[in-house]
Amino acid sequence: MCGFSGYFGTVRDGRALLERMTAAIAHRGPDEQGFFTTKAAGLGHARLSIVGLGDGQQPMSDATGDLTIAFNGEIFNYVELREQLRAKGRHFRTTSDTEVILHLYDEMGEDCVSALNGDFAFALWDGRRRRMVLTRDRMGVRPLFYTRQGERLYFASEVKALLQAPGVAAEIDPVALDQIFTLWAPIAPRTPFRNIYEIEPASLMIVQEGSVSTRPYWSLEYPDRDAPPRQGDERAAAEELRALLTEATRMRMRADVPVGAYLSGGLDSSITSALAAGMAPGGLRTFSVTFDSAEHDESPFQIEMARALGTHHSAVACGEGDIAAVFPDVIRFTERPILRTAPAPLYKLSSLVREAGLKVVLTGEGADEVFAGYDIFKEARVRRFCGRQPGSRIRPHLFRKLYPYLPGLRQQSAEYLFSFFGASGATLDDPLFSHRPRFDGTAATKLFYSGDLRATLSGYDAAEELAARLPEAFARWHPLHQAQYLEARFLLPGYILSSQGDRMAMAHGIEGRFPFLDHHLVEFAAGLPPEMKLKGLVEKHILREATKDLLPAAIGRRTKQPYRAPDSQSFVGPGTRDYVQSALGDAAVSAGGLFNPKAVAKLHEKCSRQPASGFRDNAAFVGILSTQLWLTTFTGTGICNAKAA
Amino acid sequence: MTDTIQDAVKAFVIENFLFGDTTHALADTDSLIENGIIDSTGVLELVAFIEDHCGITVADADIVPANLDSLARITAFITAKTASLVAA
């Protein structure tokens, strides 16, 4: 797990450039750095040593010197692949997974990615064919960005490295901003930086003189709604799930350093911790965030689970003022505006892991996408149920059951609940049906756009673009699978795995590993009947069945509690940090040019006066503040004083 | 009287939900929900405003879109409630 940077094309003093680019992402690999240059390409690498501690230095070349790779991530099945390659007569000089990729590429070319089970991004220079191969893992765990400047192409694990390259400047892409303010994340390959893109998950890019080509090597697919049912009953499915998950966890415990685990107290991380605890001979270390506010805190469940497993447990408290204290740093690492503060506590959590001396943690991320755990899946089911009888006064009360933690909903009549969730039968054919209330509710934040931004975006519809990006088979899938696809293909890599995942962990040189995102498990789960995942309104049913012997009953029966953190209230009240006033002040908002200064002032005043603001106001507040911090951090305009202290 | 109520409600909606944005062409009969102006928390803010500024109590059963989902409906609701108070 590391960071890398590089270029394709002729660059004057390429080594010095690589040193600057790699220094910008040194936090991803604090253990050592390495560089490789030829006339036509260069690679730089910042290493976090986890596998092959003594002999895994990068960039790594093969014995001929023709192939050189800079690699970020882990190939979990490298042991098996190495044995297969040895059986073919290949000789290995190191114990690292990096060398396995080099040999595999030599055997198979770029198609070798199909044999890899792992979380990876790499750049491989093929000197024989004079081309650079850039690729990312299937689900989008590890990042990879690029930009073109004339005949040259620069790439790196984070955008901040690209900004070191000549001619590359940070400028906001208004369309990406609008996508965030509608969908919560940009639609890849677009990023918030104009002319800077990301390699999409499960994609290969081949760069050679005069051409750049990109193609997917894997795709997330679900069975057609009318396809014959899967063979085997629920019990058999649960057994197979358990075997796949156990194997996925076992592979992710492979490391030459100790592996710990995040433990939120919810079902998913409790399962991964329980499986890992049985595979950690010296005992497992677990890590949690606790909150002062009761509505966000899950510490009783964390403590219960840690006791049940006998782990060495540590927690970091996220109290009043803590989120505001780290938020400018959080935006420096997310490299994109965000609508929620949820990454901030995870930034503190990875710091705790680093202080404990660990480099690797398992997490439960991905289970909600793979096994239908999110409330939005249940919400869509209830909306369809209500839509079949629009006049019902009883059916809309189910919405209240979905969101017991939202005070605004508890007190609403059936008529209002029906209206809020747009449960009209007229939209049932909408491909974005499941997510439409979320997208519409989020888009209400555009009220704060400046006149110039509105004019720039005139006629653009982010949700329409998303719908246009759906695969042809999407229409044939079950509605639950359509909703799962939207989460897993867009929000997971665009927000969960990036802003909450890789960026917050790597800010402190911590590698997260995700057993639920093992592609064998993902493919298996995609093929399960919808009712095995969402049974009635019980989420992740088959996962509960498969793991019920692992967990205390109180944990195994827990209803999904979404991971949330205090939003606008983190930034208002006594002790408000100067940068908040500065970033939301008239001068900074006017200078940024993206939002209406008067409206922002009123929002700030409202959130200060009334901390229990609703979803739209909270999303707008955090979105505007993070955008202002993004502008200050990356565009060098210094529109506000972004110092946290 | 009705105009005064409607003006006050409109001013509240513009200030509290549109944050002073007067360019939003909000017709008296436009749905506040369908136009993304109000969410579930916003309804409770609206009820608090009506109770604080109009001296009436809004029963749970009255918190329905038929009474509160447009400027015209809110105005009619307040007018009717106030009238019933006077009559009593």
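Quick notes
- Filter pass, A:ALA261 being closer than 30 Å to A:GLU320 by Cα, touching a helix residue (DSSP H, G or I) at 6+ places or on another chain (Cβ under 8 Å), surrounded by 19 or more Cβ atoms within 10 Å (Cβ to Cβ) and touching a residue at least 24 places away in the same chain (Cβ under 8 Å): yes
- Matching option when the condition is assigned by TED's automatic domain parsing to the domain that holds A:GLN500, buried (at least 20 other Cβ atoms within 10 Å of the Cβ) and touching a residue at least 40 places away in the same chain (Cβ under 8 Å), among A:LEU603, A:LEU534: A:LEU534
- Test for B:ALA61: is it in contact with a His (Cβ under 7 Å, 6 or more places away or on another chain) and either among the hydrophobic types (A, V, I, L, M, F, W, C) or at the interface with another protein chain (Cβ under 8 Å from one of its Cβ atoms) (or both): no
- Scanning the stretch B:15-47 for residues that are part of a helix (DSSP H, G or I) and facing chain A (nearest Cβ under 10 Å) turns up B:GLU15, B:ASN16, B:SER40, B:THR41, B:GLY42, B:VAL43, B:LEU44, B:GLU45, B:VAL47.
- Selection count where residues are touching a helix residue (DSSP H, G or I) at 6+ places or on another chain (Cβ under 6 Å) and either on the phi < 0 side of the Ramachandran plot or modelled with pLDDT of 90 or more (or both), scope the stretch B:23-42: 6
- The single condition from (1) away from every other protein chain (no Cβ under 14 Å); (2) at pLDDT 95 or above; (3) in contact with a Gly (Cβ under 7 Å, 6 or more places away or on another chain) that A:ARG503 fails is (3).
- Here the condition is being within 12 Å of chain B (Cβ to nearest Cβ) and surrounded by 17 or more Cβ atoms within 10 Å (Cβ to Cβ); of A:ASP567, A:ASP617, it holds for A:ASP617 alone.
- Selection status of A:LEU551, farther than 30 Å from A:ASP617 by Cα, assigned to a loop (DSSP other than H, G, I, E, B), at pLDDT below 95 and aliphatic (A, V, I, L, M): yes
- Of all residues in the stretch A:36-58, those satisfying the criterion of being within 19 Å of A:GLY118 (Cβ to Cβ), in contact (Cβ under 8 Å) with a residue 60 or more places away in the chain and not polar (S, T, N, Q) are A:LEU48, A:ILE50, A:VAL51, A:GLY52, A:LEU53.
- Check on A:GLU99, more than 24 Å from A:LEU48 (Cβ to Cβ) and not in a strand (DSSP E or B): no
- Residue pairs meeting the criteria (Cβ under 8 Å; at least 6 apart or on separate chains; first assigned by TED's automatic domain parsing to the domain that holds A:GLY127 and surrounded by fewer than 20 Cβ atoms within 10 Å (Cβ to Cβ), in the stretch A:94-112; second modelled with pLDDT under 95 and not in a helix (DSSP H, G or I)): A:THR94/A:GLY52; A:THR94/A:ASP55; A:THR94/A:GLY56; A:THR95/A:VAL51; A:THR95/A:GLY52; A:THR95/A:ASP55; A:THR95/A:GLY56
- Considering only residues in the stretch A:280-321 that are part of a helix (DSSP H, G or I) and in contact (Cβ under 8 Å) with a residue 40 or more places away in the chain, the one that is farthest from the chain's Cα centre (by Cα) turns out to be A:ALA308.
- Qualifying position, being outside the structural domain of A:LEU43 (by TED's automatic domain parsing) and either closer than 26 Å to A:TYR78 by Cα or not small (Gly, Ala, Ser) (or both), among A:PRO201, A:PRO229: A:PRO229
- Strands (runs of 3 or more DSSP E) fully within the stretch A:152-249 that include at least 3 residues being crowded, with 18+ Cβ neighbours inside 10 Å: A:152-156, A:203-208.
The values are calculated or read from the model by the stated rules, or taken from the named source; none is laboratory data. Small disclaimer: the values here were computed from a predicted structure and weren't measured. FYI the Cβ positions are ideal-geometry reconstructions off the backbone, even for glycines, and counts take in every protein chain you see.
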